[in-house]
Amino acid sequence: MPLKPLVAYELDRPFSDQQPRHSLDSDDSHAVDELDPLRDSKRPYRDNASHSLRSIFHSEKHALLGSPPRRSSRRWSRLRFCCYLFFLVIVTIFLLLSAGGLWVYKAGASHDGESEPWYPSPRGGTVQLWSRSYRRAAELVGQMTLVEKVNITTGTGWSMGLCVGNTGPVDRLGFPSLCLQDGPLGLRFVDNATALPAGITIAASWNKQLMYDRGRAQGLEARLKGINVILGPSVGPLGRLPAGGRNWEGFSADPVLAGTAAARTIHGIQSQSVMATIKHFVGNEQEHFRQSWEWGTPNALSSNIDDRTLHELYAWPFAEAIRAGVASVMCSYNQVNNSYACQNSKLMNGIFKDELGFQGFVQSDWLAQRSGVASALAGLDMSMPGDGLGWQDGKSLWGSELTKAVLNSSVPVERLDDMVLRIVAAWYQHGQGDDRRWPNTTLGGGPNFSSWTNDEVGNLHPGSPDSKDTSIVNKYVPVRQTAEGGNHDALARRIATEGIVLVKNEGGILPIPRSANGLATKAKDGKLRVGIFGEDAYPNPKGNNACPDRGCNEGTLAMGWGSGAVELPYLVSPAEALHEEFDNATVQVTDWKTNSVRKVDGTAAAQDLCLVFINSDAGEGFIRWKTVMGDRNDLLPQKGGDELVREVAANCGGRTEGGEAVSDTIVVLHTVGPTVLERWIDLPGVMGVLIAHLPGQESGNALTDVLFGDYNPSGRLPYTIGKSEDDYGLDSKILTFPNGATPQQNFTEGLYVDYRYFDKHNITPRYEFGYGLSYTTFKLSGLFIHPLSVVNTSLPAPRSYSDDAVPPHMDPRVPDPEAAVWPQGMRRLAKYVYPYIDDVESAKPNGKYDYPKGYDHYHKSTEAGGGEGGNPDLFTTAASLQLSLTNTGEVVGEAVVQIYVSLPSTTLDVISNLTVALDTPVRQLRAFEKVLVEPGSRSQVRFSLSRKDVSYWDVRVQKWVVPTGELRVCAGFSSRDVRQCGSFELVGGGGWS
Ligand code: NOJ
């Protein structure tokens with residue numbers, strides 16, 4: 001089985017690529033003219049419409065020119081009738097098309113001005129921790145020519161290098177082409193790297209150390225493979241929509257759990273001198289309509305998010321990533337408040353660079369960039385993969401177009417310098433400029449694998465029809481087990497084990513024994529009969545990597561699909577591990593390898609114990625598996641899983657007691673997210689349920705660790721399991737039919753996502769956020785809360801500009817265009833993206849560039865900023881907490897202690913000084929710790945809450961505000977199982993300066 005499909009890159013081509021594309025002819029091109037995203041993207045619609053009209057007239061002509069009518073009057077009247085009918089059809093179609101056109105025109109009309117303009121783009125280099133890197137970057141960038149600078153900002157085009165993203169190098173100064181590679185759970189298209197458990201699985205472990213270790217493993221493997229930038233972790237989607245196709249790549253629907261996991265992952269990755277990317281900023285909560293034309297609509301969906309919700313929910317984990325020093329952020333495909341995320345100045349300039357003090361570089365998602373000048377001014381720093389509005393056509397929105405835009409002054413030199421400085425400074429910041437930590441390309445570094453072939457020798461630029469440049473591209477460097485990194489297979493197993501959540505354990509059926517010895521009730525003829533039921537227990541018969549990017553649901557589910565998936569180096573299936581672990585002398589294992597329920601009753605009846613495996617899969621929208629187009633169609637198990645469980649549970653053991661079937665059925669669910677279990681969860685035969693999430697390569701081993709009790713389950717749900725999809729709220733559904741030419745997704749539920757929604761509406765979930773059982777029991781006692789003086793002031797200390805570092809000074813003059821012209825005799829590869837211009841003429845201004853609205857207004861810095869992640873005072877401790885955790889059971893185990901805060905429901909308003917209502921969730925997770933305790937022992941657990949933890953975002957004052965009133969703090973084992981609560985007064989009252 002090939003490790004990577006040779007044609008895999010074609011699958012990443014969105015549907016839009018197949019649409020006719022407007023050609024950006026370089027002769028009549030001007031950076032300014034070409035950058036209207038609507039001009040290009042509307043065209044295919046018109047083409048389609050005229051096509052259909054043409055074909056209607058065409059068929060009409062045929063009908064009229066058909067055989068002449070016979071003279072029979074019946075025939076005549078029949079023909080007349082046909083003509084009328086035909087005419088009617090034509091008129092109807094015409095009216096429908098006109099109405100459709102009018103609808104598209106109306107609905108497609110841009111919703112201008114819904115996202116506030118924020119200019120100019122704040123410069124990097126304002127944070128002391130980064131000053132040295134910026135100084136070094138300035139020295140290097142100061143020696144670069146215009147085209148060299150542009151080369152660094154723009155990818156070379158899809159599959160024009162060995163990685164999924166490749167920037168242009170500046171060989172003259174030793175700055176390499178950067179290799180950017182997916183993704184959030186391991187290294188995509190890379191041989192023999194570890195297929196780690198997915199984001200949702202590590203989140204379910206709630207183990208901060210493991211989060212770091214997982215990131216470190218990713219970073220080390222990336223460095224050893226020559227990858228400069230990992231395209232992960234992901235915290236967007238956050239999980240607003242439980243059926244969202246890519247939720248599993250990220251961590252949790254809760255911003256604190258997601259933010260903590262992201263920060264730990266980033267620390268881990270970057271500890272290995274590899275740059276991490278936090279993605280996708282922001283609002284990419286569903287796959288349907290995420291990109292223009294991919295789903296038939298001319299524009300991508302707009303996620304309409306209000307300011308408070310953005311701050312308190314969706315931007316929160318991004319802020320944590322910046323606080324952790326993340327090198328890069330990826331802007332998302334969708335629009336936010338009707339402005340494309342990758343040209344949304346409020347998001348990139350305002351929130352990311354000013355308020356959150358981001359010092360690294362913003363890269364576009366692949367083809368998420370929809371304009372050239374506008375995106376540059378709005379804060380985009382790197383165009384990925386360098387292609388423009390279409391894949392692999394060599395027509396970049398930057399490259400030579402950015403060169404022209406700088407030469408004709410549409411884009412200030414200062415902005416280009418800032419883009420380059422941000423990239424080069426991030427490179428220095430993470431030690432990649434240091435040959436001892438990172439062997440420079442000129443010294444033999446760079447990627448030692450190819451994303452496009454498994455062969456040793458391959459094309460260096462396979463995307464170009466001209467390229468015959470072959471070389472050794474795959475060096476098959478082993479990375480899973482190294483002296484530096486230890487054993488990543490073992491790490492993958494540990495994470496997968498801790499990511500399993502035990503949600504039901506009737507009569508303590510779990511853990512189960514390996515052998516029948518000593519089992520009085522179950523052993524017949526000295527043997528225990530165990531049945532393994534369901535396709536999800538077995539490997540895909542066609543091979544673990546048979547479906548490119550894991551884009552199908554065949555065999556046991558180890559990860560979702562899309563760019564967030566990796567090639568499995570191996571996959572230990574549950575059935576394989578179970579066969580291995582059961583004592584063959586005393587246990588007879590029977591396999592039922594499909595989900596078919598035909599005659600399963602007989603097989604189930606012959607077992608003493610039945611293990612049923614089911615799953616639910618999803619992925620990125622460029623791949624469709626059956627009717628699942630990325631986002632799930634519902635929250636139910638797939639492939640008849642529910643029926644299989646019902647049938648097995650009703651028959652397993654073939655025994656009845658008091659007229660009721662008695663069976664010992666244990667269900668294992670592999671899943672991408674919240675899955676509704678109602679069709680069988682209460683059946684008496686379903687004794688045990690384990691939610692094993694997406695375990696990666698060590699699936700079976702991790703499962704047997706928990707099943708046999710070698711490891712006491714410690715996973716907790718990172719989301720809520722409702723009793724029905726409706727329980728998540730009306731706004732929680734995927735928008736599957738466009739409600740306009742620019743589909744609109746209004747985030748009207750605001751902060752009320754997942755458990756916050758259930759709590760607000762008092763809906764009883766099946767299993768709540770944070771829930772999970774253990775083989776032991778725990779007790780919490782003695783909560784002690786110590787509030788600090790921080791809570792006596794409503795607002796954080798004013799932003800201190802005097803502490804800021806000063807961005808490097810660069811020469812602001814527009815360079816000589818002559819130096820940007822193609823060097824004589826230089827070989828050009830077709831479709832490859834270059835920074836050169838054809839001649840000096842093409843760089844001359846051609847009319848006035850229509851700058852975005854608000855560009856002439858200088859936006860003041862916000863008081864909410866001042867450091868990486870926001871105003872530093874937001875992270876001052878507001879209260880410290882302490883409590884005791886006792887293991888009251890028989891076995892050693894880990895508890896996840898969770899701290900929830902409830903802000904007061906009224907507050908003194910900082911502007912009017914009147915008491916006003918404060919709309920705030922019933923409780924919000926603010927801290928957690930996973931603690932191991934021996935049976936009978938007690939452990940002290942400590943937490944601290946920051947100013948931000950006890951604040952809300954006030955949209956009028958544009959700051960985090962500590963309200964006045966009672967703050968309730970509860971410690972517990974889930975969002976609904978709080979054991980110890982206390983409160984203290986938030987005095988607030990300090991005015992607004
Ligand atoms: C598109 C995906 O949205 C993004 O997450 C990924 O990093 C890029 N493709 C590159 O594969």
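The values are calculated or read from the model by the stated rules, or taken from the named source; none is laboratory data. Just so it is clear, the structure is predicted and the values come from calculations on it, not from any experiment. Cβ sites come from the backbone with ideal geometry, for glycine too, and all protein chains shown count toward neighbours. For the accessible areas, the whole protein counts, side chains as well, though only heavy atoms, and no ligand, DNA or RNA atoms are used. Shrake-Rupley method; radii C 1.70, N 1.55, O 1.52, S 1.80 Å.
Data table
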item: Scattering profile of segment 677-820 at q = 0.17 Å⁻¹ [log10 I(q)/I(0), Debye over alpha-carbon scatterers]; result: -1.15
item: Structure-based [θ]222 nm, the chain - -39500 (n - 2.57) summed over DSSP H runs of at least 4, per residue, nearest 500; result: -7000 deg cm²/dmol
item: Protection-proxy order for peptides 395-404, 583-592, each taking the mean of Cβ atoms within 10 Å per residue, highest first; result: 395-404, 583-592
item: Magnitude of the charge dipole, segment 831-897, Cβ model with Lys/Arg +1 and Asp/Glu -1, debye to 20; result: 260 debye
item: Loop sites in segment 594-647: trypsin sites (Lys or Arg not before Pro), DSSP, at most 13 other Cβ within 10 Å; result: 598, 599, 626
item: Long-range HN-HN contacts of residue 946 with modeled amide H, under 5 Å; result: 878
item: Mean Cβ count within 10 Å, highest first, over the residues of peptides 860-868, 943-951, 289-297; result: 289-297, 943-951, 860-868
item: Orientation-averaged projected area, Cα convex hull of segment 117-223 (nm²); result: 10.4 nm²
item: Two-decimal ratio, segment 903-993, of alpha-carbon radius of gyration to 2.2 N^0.38 Å; result: 1.32
item: Cα-based Rg of segment 357-497 normalised by 2.2 N^0.38 Å, two decimals; result: 1.33
item: Carbon + sulfur, % of accessible area of the chain - ligands and nucleic acids excluded, 1.4 Å; result: 52 percent
item: Accessible area per residue in Å² at 1.4 Å probe, computed on segment 638-683; result: 35 Å²
item: Radius of gyration and Dmax over the Cα atoms of segment 626-731, both given in Å; result: 15.5, 46
item: Order by protection proxy (mean Cβ within 10 Å, highest first), peptides 243-249, 482-488, 331-337, 953-959; result: 243-249, 331-337, 953-959, 482-488
item: Semi-axis lengths (Å, descending) of the ellipsoid that matches the C-alpha gyration tensor of segment 525-672; result: 31, 18, 10
item: Which listed pairs, of 860/959; 346/844; 522/723, have C-alpha distances above 24 Å, in listed order; result: 346/844; 522/723
item: Solvent-accessible heavy-atom area per residue, rounded to whole Å², over segment 336-462 at 1.4 Å; result: 20 Å²
item: Within straight-line cross-link reach of residue 593, lysines at Cα separation under 21 Å, skipping those fewer than 8 residues along the same chain; result: 542, 626, 639
item: For segment 509-553: Kirkwood Rh in Å [reciprocal of mean 1/r, alpha carbons]; result: 13.8 Å
item: Inverse mean reciprocal Cα-Cα distance (Kirkwood Rh) of the chain, Å; result: 29.9 Å
item: Per residue Cα convex hull volume in Å³ - calculated over segment 283-441; result: 129 Å³
item: Segment 854-993, accessible area per residue, ligands and nucleic acids excluded (1.4 Å, Å²); result: 40 Å²
item: Rel. contact order, % - alpha carbon contacts under 8 angstrom, at least six apart, the chain; result: 16 percent
item: Three-way shape label, segment 174-267, alpha-carbon gyration tensor, a/c 1.5; result: prolate
item: Given charges at Cβ of Lys, Arg, Asp, Glu: segment 689-743 dipole, positive-most of 707, 742, 721; result: 742
item: Cα Rg, Dmax, segment 215-355, angstrom units; result: 14.8, 43
item: At R0 = 41 Å, FRET efficiency that the Cβ-Cβ distance of residue 308 and residue 888 yields, to 0.05; result: 0.50
item: Segment residue 579-residue 853, extension gain: residue separation times 0.36 nm, minus the distance between their alpha carbons; result: 92.0 nm
item: Square roots of five times the Cα gyration tensor eigenvalues for segment 299-366, Å; result: 19, 14, 10
